[in-house]
1. Between S289 and D197, 0.36 nm times their residue separation minus their Cα-Cα distance comes to what?
2. Report the label-to-label distance for H183 and I118 in nanometres (one decimal), using points 7 Å from each Cα along the Cα→Cβ vector.
3. Using a Förster radius of 30 Å, what is the FRET efficiency between L82 and C153 based on their Cβ-Cβ separation? Nearest 0.05, please.
4. Hey, can you grab everything whose amide H is under 5 Å from the amide H of N126? Only 5+ residues off in sequence or another chain; H modelled, so Pro and N-termini drop out.
5. Starting from 0.36 nm per residue, how many nanometres of slack lie between R130 and K282 once their C-alpha separation is accounted for?
6. If packing is taken as the average count of other Cβ atoms within 10 Å, what order do 253-264, 142-153 fall into, highest mean first?
7. Give the long-range amide H neighbours of G107: residues separated by 5 or more places, or on another chain, with amide H under 5 Å away, using H modelled in the peptide plane at 1.01 Å from N.
8. Report, by chain and number, residues whose modeled amide H sits under 5 Å from the one on S245, excluding near sequence neighbours (fewer than 5 apart, same chain).
Amino acid sequence: MQLQLHAVETTFPLIKLPFDLITNILSFLIKHQDSKVHGSNLIFVNHLFAKAAIPYIWSHLYLKEPTQRNIFNILQTSPTKLMFNYRMMVKTVTICPISISNMKSGGLLTSLELVQNILPNITSLNIEDRLSFCHVCHVGKEATTEQVADLICNKKDLDKLMIDSDHYIFNDDLLEIITKKSHLKHLSINGSNFTDDGILNYVIPNLKNDLVEFSIGFDGISPVELTGKSVLAILEHCPNIRRMSLEGVNLNDSDFDIENLPSSQLEHLRLGKTCHQNFTTKGLLSLLSICHKTLISLVLDLDHLSPSVLQDIIIPLFQHQNLQELHLVSESWAEWIAYYPRPRSEHEIKAKEAMWRWKLKAYWGLSADLMNLVGKKISTLKIFSILGENHLKSKKKKKKKNHFSITILGLGLSGIDIC
């Protein structure tokens, strides 16, 4: 007997998927970035998508005054008159105030008071001061450090705070009040009025066992005056710290030039722009040695590191710990990926590959032997990215002998000499 199988085209309606599964899928598609929500159009697909997506869209509320202040009209409406109870969905609020005063049309104090009175489930608060004019605007009395601190501390369940402001009220005194009255797990600060003294005297003593994530200058626009002393102290005295992001911090080799460096359980480190004249390979190696046994994810800005960092640090790093993700960021790469973004022919593919090979040699000064060595040492990596592109995603499709070219470039450079 011969059994014949016939392929039958079928479609599976999404409505038959479990709601929890749909919710989980949509949660990966909805992103809150740069004061915008990406993926909000999913609510218009159908009623099922709307029900699953709306809680994620409303989980982060942006208040860019005065244009987005009218959103409080919805939040102040009785939930019985709305399709959803929006105010209960909001977990994070980002405030971009029109002034650091109390005024009807906007202002930081007004927004903080509304958040306190209307949104009961807030656990994360971001204050981004992007003002380019007088903070008082001649319309109200300017807020004080104590007023802002008291309103922030009224949120008992607050565990994440981000402040990005160069205004004088955001200073070490603010850190003292807030850290005494709260149990913050995530703290991000940008601004020239925050100093090492505020970290050493208030943040560390008051949040010593609470702090899980600490960021300086990351994604901020305000200047940063903190130094490596704060970084080293956080790593030494906060045993539960797991994530750290440093951008524009005044790091110096001398900050880490001590006989017995502390050990840390840090798992994720992002090191952005630093002064590479004072912070060289020596300082970076000392910083990484503090957490090299536990580090899982590492992000480095190559524009502000010594050119020898790859050979002196990255390769030895893999020999001693379980690093899974390495992300290399550089503004210098942007001009090269702009050419032939989607190669349409074999000629264009070869042209783009040639530019990448030349750039690797010219920018890093890598030899063929060194590139082979790098390929061998990062063979256990799950992610190796340049400018956010994962260059290990096609690793399984390639032969073992070509592995180094995949891990470094992800451009299929097999059989091509690097010279």
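1. Values: separation 92, 0.36 × 92 = 33.12 nm, distance 2.50 nm.
Between S289 and D197, full extension yields an extra 30.6 nm.
2. So the two model labels end up 2.9 nm from each other.
3. Efficiency at R0 = 30 Å is approximately 0.50.
4. Under 5 Å from the amide H of N126 lie the amide H atoms of V93, T94, I95, M162, each far enough along the sequence or on another chain.
5. 51.1 nm
6. Final packing ranking: 142-153, 253-264.
7. Placed amide hydrogens put I98, S99 under 5 Å from G107.
8. Correct list: F214, S215, I216, R270.
Values in this text are rule-based calculations from the coordinates and carry no lab data. Not measured: the values here are computed from a predicted model. When we count neighbours, we look across all protein chains shown, and the Cβ atoms used for this are built from the backbone with ideal geometry, even at glycine.
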